[in-house]
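Novice: One structure, pasted below without further comment.
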Amino acid sequence: MALKLPDGSVLGGWLPDNKLSKFITVDLISSKEIGLSKRRFDGQKERIITSCLSMVSVSCYGSNAVRVAMKLRTILQSSEIIDAFKTMNAGIVSFSDVRNLTATILANFEERGQFDCEISHHHVVETTLNSIEQVDITTNNHLVKQIRGNS
């Protein structure tokens, strides 16, 4: 069922020098936050969890590129791929249509099939928080109480 590709044939589309005749590019187009981030603090670290919807563009180049794009879009809906996304706390929300973007370039033509994939996922950041060692509390310009932490 899997689409078998040679090593190095899936690239970020921004790579300038590519000598392959057949390859696939996967590029993040946009990522938006869904709702507000959740924060969890365990006394040492703060963990900030943001739910996101990200749009990823997948482009297939080379002979039969449109057919490869259609096959890849279908394979991304297999149980194996769905389970792999679940282990990463992610999931595919939707796909665009496969577009035929074959074009003539310098007296030759380049076959290209392209589709977009919307993915839901969590973006997690952990940060260490420094403890408060001392705080002065004042009211009406008079020192009321001095609180000392355990550091």
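The values are calculated or read from the model by the stated rules, or taken from the named source; none is laboratory data. All values reported here derive from a predicted model rather than from experimental measurement. As a convention, Cβ positions derive from the backbone with ideal geometry for all residues, glycine included, and neighbour counts pool all protein chains shown.
Novice: Count, please, the residues in region 72-85 that happen to be in a helix (DSSP H, G or I) and either touching a residue at least 12 places away in the same chain (Cβ under 8 Å) or not hydroxyl-bearing (S, T, Y) (or both).
Specialist: 9
Novice: Let me ask something else about it. Is there a residue being at pLDDT below 95, assigned to a loop (DSSP other than H, G, I, E, B) and within 30 Å of L129 (Cβ to Cβ) anywhere in region 94-105?
Specialist: Looking for residues that are at pLDDT below 95, assigned to a loop (DSSP other than H, G, I, E, B) and within 30 Å of L129 (Cβ to Cβ), one finds none in region 94-105, hence no.
Novice: Could you please tell me which pairs satisfy a Cβ distance under 9 Å, a separation of 6+ or placement on different chains, a first residue in region 112-132 that is within 21 Å of I82 (Cβ to Cβ) and free of Cβ contacts under 8 Å to residues at least 60 places away in the same chain, and a second residue that is charged (D, E, K, R) and surrounded by fewer than 16 Cβ atoms within 10 Å (Cβ to Cβ)?
Specialist: These pairs meet every condition: F115/D97; F115/R99.
Novice: When you scan region 60-73, do you find a residue that is under 14 Å from S21 (Cα atoms) and in contact with a helix residue (DSSP H, G or I) (Cβ under 6 Å, 6 or more places away or on another chain), even just one?
Specialist: Among the residues of region 60-73, at least one is under 14 Å from S21 (Cα atoms) and in contact with a helix residue (DSSP H, G or I) (Cβ under 6 Å, 6 or more places away or on another chain), which makes the answer yes.
Novice: Something else now. Run down S63, S57 and say which single residue is in contact with an Asp or Glu (Cβ under 7 Å, 6 or more places away or on another chain), surrounded by 15 or more Cβ atoms within 10 Å (Cβ to Cβ) and within 30 Å of R112 (Cα to Cα).
Specialist: Only one candidate passes the filter, namely S57.
Yes/no per residue for (1) at pLDDT 95 or above; (2) more than 22 Å from V98 (Cα to Cα); (3) assigned to a strand (DSSP E or B):
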{"residue": "A2", "(1), (2), (3)": "no, no, no"}
{"residue": "L5", "(1), (2), (3)": "no, no, no"}
{"residue": "L15", "(1), (2), (3)": "no, yes, no"}
{"residue": "T25", "(1), (2), (3)": "no, no, yes"}
{"residue": "K32", "(1), (2), (3)": "yes, yes, yes"}
{"residue": "R39", "(1), (2), (3)": "no, yes, yes"}
{"residue": "I48", "(1), (2), (3)": "no, yes, yes"}
{"residue": "S59", "(1), (2), (3)": "no, no, yes"}
{"residue": "M70", "(1), (2), (3)": "yes, no, no"}
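Novice: Under 30 Å from N130 (Cβ atoms), over 19 Å from the mean Cα position of the chain (by Cα) and surrounded by 13 or more Cβ atoms within 10 Å (Cβ to Cβ): does that describe E110?
Specialist: Criteria not met by E110.
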